[in-house]
Amino acid sequence: MSQPEFIKLTDEQVKARKRRNIAIAFGLLLFIATVYAITVSRMHANNEARKAQDTAQNIAAGVVVPEAN
């Protein structure tokens, strides 16, 4: 059985690989933060819309709900 031959990278190639990996990691973190921010903002907007809808239904039904402090 013969030994596999591996390519020996130069110092410049190793540095380029490291820079590329850091750029990919940064892009991935940016994507995750964007998805998180959009999710939280949409959940907040939906919660506010649900509260407004509940209030409108209570007013239409003539139900008096005490306000929370």
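The residue list Ile59, Ile7 contains one member that is outside any helix (DSSP H, G or I) and more than 31 Å from the chain's Cα centre (by Cα), which is Ile7. Residues in the stretch 10-36 that are small (Gly, Ala, Ser) and either open to solvent by 100 Å² or more (accessible area, probe 1.4 Å) or within 14 Å of the chain's Cα centre (by Cα) (or both): Gly27, Ala33. Residue pairs whose Cβ atoms lie under 9 Å apart, sitting 6 or more positions apart in sequence or on different chains, and linking a residue in the stretch 37-56 that is open to solvent by 70 Å² or more (accessible area, probe 1.4 Å) to a partner that is not in a helix (DSSP H, G or I), are Thr55/Val65.
The values are calculated or read from the model by the stated rules, or taken from the named source; none is laboratory data. Just so we're clear, the structure is a prediction, and the values are computed from it rather than from any experiment. As a convention, Cβ positions derive from the backbone with ideal geometry for all residues, glycine included, and neighbour counts pool all protein chains shown. The protein model used for the area step is the full one, side chains on, heavy atoms only, and it has no ligands, DNA or RNA in it. Shrake-Rupley method; radii C 1.70, N 1.55, O 1.52, S 1.80 Å.
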